[in-house]
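Read the structure below first, then the notes.
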Amino acid sequence: MEDKIKEALEQIRPFLQRDGGDLEFVEYTDDKIVKVRLQGHCVGCPGAQMTIKGVVEQILKESYPDDIASVEAVL
């Protein structure tokens with residue numbers, strides 16, 4: 001599952017990179033939570049949580065509805 005998540009994140013990264021941000025995959029937990037680390041301009045951005053939930057989580061859940069419970073940013 002981790003490889004599928006990483007592949008999906010590669011499709012999302014250009015969206016973040018065009019605004020000077022990025023993200024990296026950290027972990028996929030047993031309780032189906034994807035943990036990512038924000039980088040660049042995404043760190044500390046007021047809209048970062050909205051991006052995580054409204055973009056990254058939505059895309060991953062649509063792609064793998066039975067395998068993703070949520071997406072969380074970690075430091």
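Amide H contacts of LEU23 (H built 1.01 Å from N, in plane; Pro and chain starts excluded): GLN39 sit under 5 Å, all sequence-distant by 5 or more or on other chains.
Suppose every K and R has +1 on its Cβ and every D and E has -1 on its Cβ; what is the size of the dipole of the chain about the Cα centre, in Debye to the nearest 20?
For the chain, the charge dipole is close to 300 debye.
In the context of the full set of protein chains, the chain has a per residue accessible area of 62 Å² (1.4 Å probe). For the chain, the longest principal axis of the C-alpha atoms and the axis of helix 2-17 are separated by about 20°. For ALA73, neighbours were defined as the other residues whose beta-carbon sits under 10 Å from its Cβ, and their charges (Lys and Arg +1, Asp and Glu -1) total +2.
Where (1) 45, 27, 15; (2) 31, 21, 18; (3) 36, 27, 27 are the candidate values, the label of the one calculated here for Cα extents along the principal axes in Å is (2). For the chain, the relative contact order is 30 percent, taking Cα pairs closer than 8 Å that sit 6 or more residues apart in sequence and dividing their mean separation by the residue count.
Is any residue of the range 29-47 close enough, with backbone N under 19 Å, to a label point placed 7 angstrom from the Cα of ASP19 along the Cα-Cβ axis, and if so, which? Residues 36-47 fall inside that zone.
Here ASP31 and VAL55 are evaluated by their C-beta separation; at R0 = 25 Å the FRET efficiency comes out at 0.70. Estimated from the Cβ-Cβ distance and a Förster radius of 22 angstrom, the FRET efficiency linking TYR64 and HIS41 is about 0.20.
The values are calculated or read from the model by the stated rules, or taken from the named source; none is laboratory data. Please read these numbers as outputs of a predicted model, since none were measured by experiment. Note that each Cβ is placed from the backbone with ideal geometry, even for glycine, and that neighbours are counted across all protein chains shown. The protein model used for the area step is the full one, side chains on, heavy atoms only, and it has no ligands, DNA or RNA in it. Shrake-Rupley method; radii C 1.70, N 1.55, O 1.52, S 1.80 Å.
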